[in-house]
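Engineer: Here it is: the structure, laid out below.
The values are calculated or read from the model by the stated rules, or taken from the named source; none is laboratory data. Bear in mind that the values here come from a model prediction, so they are computed numbers and not experimental data. Backbone-built Cβ (ideal geometry, glycine too); neighbour counts: all protein chains shown.
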Ligand code: ASP
C-alpha cells in the first residue's frame, strides 16, 4: 500500500512538474486603431504577421528554449515587417530620418540591455541583447551604440532601409497638424500623430524553466524632435522582467510611461503587495490615463497569468499560453 502511495506521489509530482505553465504575449503597438480605419486586407496582414511571430516564439518555448530567445525571435520578426513601427517601417523623426530605440531584460538575472537613437541597426533588439551580454553597460545611445555594434560584427544598414512611403505620409500629416496649431509639441488631440504612434512592438515570455523575459522595440513617435527618447528603451518604464514577479512590455505615449515608470510599477505591486497581475496592470494603465497619457501593456507573471490592458481604441496583440489561452486581437472588442 505504502509503495503504491509513494508511486502515486512521484507520478503526481512528475506530472505537475511537466505541466509547469509557459507561454508568451506580444504587441504591435496601441493607438487609434478602429475597424473603420483598417481595411479587411490590411487587418488580415496584421493578424497573419502577429500569428507568425507568436507561433515562432511559442515553438521555442515548447521545445524547452529560453524565454529570452523567444522574446528576441518574436521582436525580430516584427521589426522585419514594415507593418510595425520598429525596424523596417519605423516612423520618421521631424528631420525625416528613422531613429530606433529598443531594450531587453532577462528576468532570471535581472540583466538588461538597451539602445536608443540608433539609425543603422537592422534589428535593434539584437543589439540591445549584445549590450546586455557583452558591453558591461545597460544602455548605449546613437553613434556610440553603433560603434559598439560594428565592434560586435553587426552589419550596418543605410537609414533608407527603414523608411516607407506610408510613414513619410504620416510625418507630412503630423507636420501639417502641428503647423496649423502653431506648436511643435506633440498634442493629445493631434489625430494624425496619434494614429502614427501605434506600431511599437514587444514581447514577454515565460519558459518551462520558470524564467521570464521582456523586450520592446520602436521607432518612437512620428515627428519626434532632436534626440527624443521614449519609454521603450528605458528599463522599468517600457520594459521590465524579474522571475520573482512578472515581465512587462509597454506601448503608448512614451513621455507618460516614463513618468509613471510603468513596467516596474506593475511588478512592484506584485512584489510588495501580492496584487494579482490583471489588477496591477489595470491600476498602472489608469495612472497613465490620469496624467493624460494613453497606451497599453502586455504582461505575463511567473505563474503564466497574462494581462493586456490598454486605454486606446485598440492594440495589436497576440498570446499563447500552455494552459490554453490563445489569440490574436486588434480592437477593443477583439
Ligand atoms: N512608446 C513609444 C514611444 O513613446 C511609442 C509607441 O509605443 O508606439 O516612443
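Engineer: Could you check how many residues of the range 196-235 are assigned to a loop (DSSP other than H, G, I, E, B) and near the ligand (Cβ under 7 Å from one of its atoms)?
Structural biologist: Adding up the residues that qualify gives 8.
Engineer: Quick one: in the range 1-35, which of the residues that are more than 19 Å from the chain's Cα centre (by Cα) and either assigned to a loop (DSSP other than H, G, I, E, B) or at pLDDT 75 or above (or both) is surrounded by the fewest Cβ atoms within 10 Å (Cβ to Cβ)? Spell out how you get there, then give the answer.
Structural biologist: The initial filter retains those residues of the range 1-35 that are more than 19 Å from the chain's Cα centre (by Cα), namely 1-21, 34-35.
The next check asks that each one be either assigned to a loop (DSSP other than H, G, I, E, B) or at pLDDT 75 or above (or both); those that pass are 1, 19-21, 34-35.
Details: 1: 5, 19: 10, 20: 14, 21: 18, 34: 13, 35: 13.
Restricting to residues being more than 19 Å from the chain's Cα centre (by Cα) and either assigned to a loop (DSSP other than H, G, I, E, B) or at pLDDT 75 or above (or both), the top hit is 1.
Engineer: Next question, about the same structure. Could we say that residue 43 is within 16 Å of the ligand (Cβ to nearest atom), in contact (Cβ under 8 Å) with a residue 12 or more places away in the chain and not in a strand (DSSP E or B) here? Can you show your working first?
Structural biologist: On the way: within 16 Å of the ligand (Cβ to nearest atom): no; in contact (Cβ under 8 Å) with a residue 12 or more places away in the chain: yes; not in a strand (DSSP E or B): yes.
No.
Engineer: Would you check which residues across the range 59-81 are within 16 Å of the chain's Cα centre (by Cα) and in contact (Cβ under 8 Å) with a residue 60 or more places away in the chain and list them? Walk me through it before giving the result.
Structural biologist: Going through the range 59-81, the residues within 16 Å of the chain's Cα centre (by Cα) turn out to be 67-81.
Once the filter is applied, which keeps residues that are within 16 Å of the chain's Cα centre (by Cα) and in contact (Cβ under 8 Å) with a residue 60 or more places away in the chain, the range 59-81 yields 67, 68, 70, 71, 72, 74, 75, 78, 79.
Conditions tested, residue by residue: (1) modelled with pLDDT of 95 or more; (2) closer than 28 Å to residue 330 by Cβ.
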| position | (1), (2) |
| --- | --- |
| 170 | no, yes |
| 183 | no, no |
| 202 | yes, yes |
| 208 | yes, no |
| 212 | yes, yes |
| 224 | no, yes |
| 239 | yes, yes |
| 247 | yes, yes |
